[in-house]
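For reference, the structure is listed below as C-alpha cells.
The values are calculated or read from the model by the stated rules, or taken from the named source; none is laboratory data. Computed from a prediction, not measured in an experiment: that's the story for all the values here. Cβ coordinates were reconstructed from backbone atoms using ideal geometry, including for glycine residues, and neighbour counts include every protein chain displayed. For the accessible areas, the whole protein counts, side chains as well, though only heavy atoms, and no ligand, DNA or RNA atoms are used. Shrake-Rupley method; radii C 1.70, N 1.55, O 1.52, S 1.80 Å.
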Amino acid sequence: MIKLIATDLDGTLYTPKGEAPAEIFPIAQKLFERGVLFVPASGRQYANLEKTFAPIKDQAAFIAENGALVRYRGKTLSLTSLEPEKVAKYLQVIRKTEGLYPILCGENCAYIEDTVEPFFSRTTTPYSSYKLVNDLNEVIGKVPCCKISVFSMDKAEKQSYPVLSTVACEAKLTLSGGHWCDVSNVKANKGEALKVLQKTFGIRREECLAFGDHMNDVEMLRACAHTAAPKNAYPPVKAQVEKIIPSNAENGVCKALTAMLEKPKLSEKGVSLWTKNLS
C-alpha cells in the first residue's frame, strides 16, 4: 500500500507553462482522505509552494529548495544550509563567468543582484518572495542559505555545470533544469528530505511513490520503492524508474493518481499502486 506520494513540480506535475493542473487539488484531497501524505517536492522556494498549494497547504508536506528545506503545516522539520564561507567562494566564481547569474535562496526569501533578461523574468516566477539587493555579499551569514541557484544563458550542462564542478568539490552540484544548476550542502537533496518525512510519519520506503523528471529528483526516486517519470523526462532519469507515464503536457501525474484512486477495494489507509499501462 502507498502511504506517501511525492512529486516533482516543473517538468513533472506542472504543465509546460509552469502551472499546477487544477485536477491535482481534488485528487490530493482524496489522497488525504485515504490516509496518504501528498508531498510537492521542488527546487522552488517554500513561499512559492505555499502560495500555489494554498487549498491544501495545511494537509500537505513540502520539500523545497531541492531538499534543503522540509516543512509541514508551517513548521520547519529540516533545514540544511550551505556554509557562509562556501557561499562566498562559489559566488566569486559565478560572477567571474560570463552568462551566469546567481540567486541566494534563503529559508523565506530569495536574493538577487541582477535584473538582466531573461534571468530576471525566470527568477520572479519560481521565487515569488524575493529581494533585489546591490550586493549578494551583504546577505551572506545573515540568513541561512539553502542553496545557490545559478541561471545560465546557455544550457546549464554546457555552461554552469562544468565551471562549478571544478570548484564546488565540497558541495552538491545538481542540474535542476535546462538552464539551471544548484549548489547546495552535500547533505541536501530531495531524497534526504523524503527520509525526514518517512521518519517523522513512520512511513516505510515500500509505502512510498515518487514522480520526477530531472537529476535533482534522483535521490528522491531512490528513497521510494515505487517510481515513475513522465515521457518528457531527462533520459538518464527515465532509465531509472519503474514506470513511464504520459508527459506533463498530457497531465501524466494526475492521470496516474486518478487510476490509483479508481481501483476497487482500497484500504482505508493507503492506496494500491496502479497496475495498468499508462505510457
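How far is helix 252-261 tilted, in degrees, relative to the longest principal axis of the Cα atoms in the chain, given as a value from 0 to 90 rounded to the nearest 10?
The helix 252-261 is inclined about 30 degrees to the chain.
Using mean Cβ contacts within 10 Å as the protection proxy, how do 22-35, 115-128, 51-64 order, highest first?
In descending order of packing, they fall as 51-64, 22-35, 115-128.
May I ask you to derive the relative contact order of the chain, considering only C-alpha pairs under 8 Å and at least 6 residues apart, and to give it as an integer percent?
Relative CO of the chain lands at 22 percent.
Please state the charge dipole magnitude for segment 12-123, taken about the Cα centre, from unit charges on C-beta atoms (+1 on K and R, -1 on D and E), reported in debye and rounded to the nearest 20.
So the magnitude is around 260 debye.
Calculate the all-directions average of the projected area of segment 27-130's alpha-carbon convex hull, and give it in nm². Before the final figure, lay out each step's value.
Working: hull surface 29.3 nm².
Average projection, Cα convex hull of segment 27-130: 7.3 nm².
From Cα coordinates alone, what are the radius of gyration and Dmax values for the chain in angstrom?
18.2, 60
Over segment 119-204, with the other protein chains present, what is the accessible area per residue in square angstrom, probe 1.4 angstrom?
47 Å²
Any chance you could list P(r) for segment 103-215, counting all Cα-Cα pairs in 10 angstrom bins from zero, rounded to whole %?
Going out from 0 Å in 10 Å bins, segment 103-215 shows 12, 38, 35, 13, 2 percent.
Karplus couplings for segment 79-94 from phi (6.51 cos²θ - 1.76 cosθ + 1.60, θ = phi - 60°), rounded to Hz, Gly and Pro as x?
My calculation for segment 79-94 gives 9, 10, 9, 8, 4, x, 5, 6, 4, 4, 5, 6, 4, 4, 5, 4 Hz in order.
Under 5 Å between amide hydrogens, which residues at least 5 positions from LEU77 or on another chain qualify, with H placed 1.01 Å from N in the peptide plane?
VAL70, ARG71, TYR72
Give me the percent of the accessible area of the chain that comes from carbon and sulfur atoms, probe 1.4 Å, all protein chains in place.
Taking all protein chains in place, the chain shows 49 percent carbon and sulfur surface.
Could you list which residues have their amide H under 5 Å from that of CYS145, counting only those 5 or more apart in sequence or on another chain, with H placed in the peptide plane?
LEU82
Can you work out ³J(HN,Hα) from phi for every residue in segment 54-61, in order, using Karplus 6.51 cos²θ - 1.76 cosθ + 1.60 and θ = phi - 60°, giving whole Hz and x for Gly and Pro?
3, x, 10, 4, 8, 10, 7, 9
Using θ = phi - 60° and the Karplus relation 6.51 cos²θ - 1.76 cosθ + 1.60, list the HN-Hα couplings for segment 192-202 in order, rounded to whole Hz, with x at every Gly or Pro.
5, 5, 5, 5, 4, 5, 4, 5, 4, 9, x
Aspartates and glutamates within cross-link reach of LYS190: Cα-Cα under 15 Å, excluding same-chain residues under 8 positions apart?
Reachable aspartates and glutamates: ASP8, ASP10, GLU65, ASP182, ASP213, ASP217, GLU219.
Ranked highest first by the average count of other Cβ atoms within 10 Å around their residues, in what order do 146-155, 129-138 fall?
146-155, 129-138
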